[in-house]
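Just below is one structure, and these are the notes that go with it.
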Amino acid sequence: MSKTKTAQLRTQIICPHCWHVFTPDQVLWISESPDLLGDSRLGELTQQRFLPHRFDIKANAIDAEGFPCTKMACPHCHLIVPRTLFEMPLFFLSIVGAPAAGKSYYLASMSWLLRKTLPKHFQYNISDTLPEMNHRLHEYESRQFFETGENRIVAIEKTEVYSETNNTVVINGQEITYPQPFLFSLMPTRVHSHYRYREQLQQILCLYDNAGESYLPGEDKALLPLTQHLSRSRAILFLYDPTQDPRFRKACRGKTNDPQMLDGSHGRPIRRSQVRQELILSEMTHRVRTHLGLSSDLQESSPPLFVVITKADAWSHLLGDVKFDSPWRPVGIDDSYCALDMPAVLQMSGKCRKLLADMVPEFVGSAEQLTRNVIYIPVSATGVAPSINPETGALGFRPDDIRPFWVEVPILCALTLQTRGMIPQLRRRER
């Protein structure tokens with residue numbers, strides 16, 4: 001990469017909220033004085049945003065009342081942006097799926113396991129870039145993994161389109177609602193084999209948890225651009241839920257104790273989406289092509305698509321005798337530094353594709369219309385079938401029983417394929 005291009009990348013910032021591109025000199029600062037309330041785009045009770053003219057010795061802006069400021073905001077939407085955006089590029093990753101596909105459960109398990117797997121096996125530190133932006137995800141993690149020992153059933157609420165976790169701003173007199181991103185800083189540890197290139201390897205992982213209804217036809221609007229992050233995504237994870245398809249439920253009848261594989265339990269219907277999942281995928285493909293200006297032909301430039309087949313604990317017996325061992329192998333004297341075993345992942349992908357092609361061929365056809373790079377990965381965010389709460393009839397889980405598996409594999413694959421040197425890939429000879 002030329003020096004000119006490297007400098008250009010370092011001086012261009014992308015807002016993770018509204019995807020506006022700006023330069024560092026355009027960034028706004030957030031006032032600290034309690035007397036400086038009222039922002040033109042965020043309301044009367046919000047601290048003012050301003051373009052600074054004075055700075056203190058630590059290079060922090062000074063507001064009109066003389067208070068030093070530490071927080072910054074996007075010049076377009078005025079929402080807070082982390083200072084690390086000036087040091088590390090954003091790795092956008094979109095998570096898509098039909099309503100009730102289990103996106104929130106998947107996000108909680110994925111983020112929790114990444115916090116353990118990356119430093120332990122790949123020598124990468126992972127931290128919340130801005131903890132207040134990941135607050136909802138912290139609640140998900142705590143509910144699934146920290147409410148132990150009480151033997152009670154817990155559940156994560158469904159993500160809604162018009163949720164308080166989204167951000168609404170007023171621009172040119174119009175209210176525009178943007179999704180709340182989750183941001184994680186990824187930085188190599190000192191014992192990483194490529195630590196000397198750490199400035200090129202560090203990234204900010206940017207994720208979104210959209211309600212499944214956001215991907216219905218006609219829901220992508222100028223005033224509700226909840227899914228336009230697809231145009232920035234380096235990879236797309238589409239969560240396919242086999243329990244929502246009657247053909248999978250019929251094949252699993254009598255072979256699993258998961259109530260989601262039944263038409264109802266104890267007289268209570270199981271909540272499912274009424275939308276066919278391949279139609280959600282087709283709508284997503286249309287939006288990606290529209291935002292990127294792609295033709296209807298397969299494009300090598302399209303982001304890779306990971307079909308994440310959820311709730312594998314309920315249906316994986318249809319794959320035959322498979323084991324969900326961790327798909328990474330040590331490349332040193334111990335397992336403190338590993339490489340991802342992509343041949344093993346692709347072998348599993350082939351088995352899953354064959355199963356889906358037999359069971360739901362229309363879905364496979366839709367998936368492979370977007371890109372040539374499609375990988376099918378089975379996961380379970382809980383590792384166990386849900387229980388029915390006798391008081392409410394709703395599905396939930398006992399935290400002591402939760403044992404997720406393979407939930408971090410799609411993210412590891414995306415980082416392996418879309419970055420150079422972050423997650424090493426096991427060579428066939430080493431495997």
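Sequentially through region 178-185, phi angles give Karplus couplings (6.51, -1.76, 1.60; θ = phi - 60°) of 10, x, 7, x, 10, 10, 10, 8 Hz, Gly and Pro residues having no value and appearing as x.
If you average the alpha carbon positions of region 121-138 and of region 321-397, how far apart do those two centres end up, in angstrom? Going from one Cα centre to the other spans 23 Å.
Note on the chain: Cα convex hull, mean projected area over all directions, 24.2 nm². Cysteines in the chain lacking any other cysteine Cβ under 4.7 Å from their own Cβ: CYS69, CYS206, CYS252, CYS338, CYS352, CYS413. What's the FRET efficiency of ALA64 with VAL170 using the Cβ-Cβ distance as r and R₀ = 22 Å, to the nearest 0.05? Efficiency, from the Cβ-Cβ distance: 0.50.
Per residue, the solvent-accessible area of the chain (1.4 Å probe, heavy atoms of protein chains only, all protein chains present) comes to 47 Å². Among GLN203, GLN174, GLN48, which one moves the most in a GNM of the chain with springs linking Cα atoms closer than 10 Å? Greatest mean-square fluctuation among the candidates belongs to GLN174. Over the chain, what is the percentage of antiparallel beta bridges among all DSSP beta bridges, to the nearest 5? If we restrict to bridges inside the chain, about 65 percent are antiparallel.
The calculated FRET efficiency for GLN26 paired with VAL191, based on their beta-carbon distance and R0 = 35 Å, is about 0.35.
For the set LYS120/LYS255; LYS323/LYS354; LYS120/LYS311, the pairs lying more than 24 angstrom apart at their alpha carbons are LYS120/LYS255; LYS120/LYS311. Taken about its Cα centre, the chain carries a charge dipole of about 1620 debye when Lys and Arg each add +1 at the Cβ and Asp and Glu each add -1 at the Cβ.
By DSSP, the beta bridges lying fully in region 79-208 are antiparallel in about 75 percent of cases.
Taken along the Cα-to-beta-carbon direction at a fixed 7 Å, the label points for GLU199 and ASP335 span 3.6 nm. Over the chain, DSSP H runs of length four or greater, each weighted -39,500 (n - 2.57), average out per residue to a 222 nm ellipticity of -7500 deg cm²/dmol. Just checking the listed ones, PHE92, PHE184, PHE145: in the Gaussian network model of the chain with Cα springs under 10 Å, the one fluctuating most is PHE145. Of the accessible area of the chain, computed with a 1.4 Å probe over protein heavy atoms only, carbon and sulfur atoms account for 49 percent. I want to make sure I understand the PRE zone here: with the label point 7 angstrom from the Cα of SER33 toward its beta carbon, which residues in region 61-84 have backbone N atoms less than 17 Å away? Once the point is set 7 Å along Cα→Cβ of SER33, 61-71 turn out to lie under 17 Å by backbone N, inside region 61-84. Overall shape: oblate for region 81-209, with the ratio a/c of the largest to smallest alpha carbon gyration tensor axis at 1.5 or above and b/c at least equal to a/b. Model label sites at GLU368 and LYS351, defined 7 Å from Cα along the beta-carbon direction, differ in position by 2.0 nm.
Around the Cα centre of region 6-150, unit charges on the Cβ atoms of Lys, Arg, Asp and Glu (plus for the first two, minus for the last two) sum to a dipole of about 620 debye. Scanning the chain for GluC sites (Glu not before Pro) lying in DSSP loops with no more than 16 further Cβ atoms inside 10 Å, the longest uninterrupted stretch between such sites is 301-390. Say we join alpha carbon atoms closer than 10 Å with springs in a Gaussian network model of the chain; which of ARG143, ARG196, ARG329 then has the biggest fluctuation? It is ARG196.
The values are calculated or read from the model by the stated rules, or taken from the named source; none is laboratory data. What you see is a predicted model, and the numbers here were worked out from it, not measured in a lab. Quick reminder, even Gly has a Cβ in these numbers, built from the backbone with ideal geometry, and neighbours come from all protein chains shown. Surface areas here come from the heavy atoms of the whole protein model, side chains and all, with no ligands, DNA or RNA. Shrake-Rupley method; radii C 1.70, N 1.55, O 1.52, S 1.80 Å.
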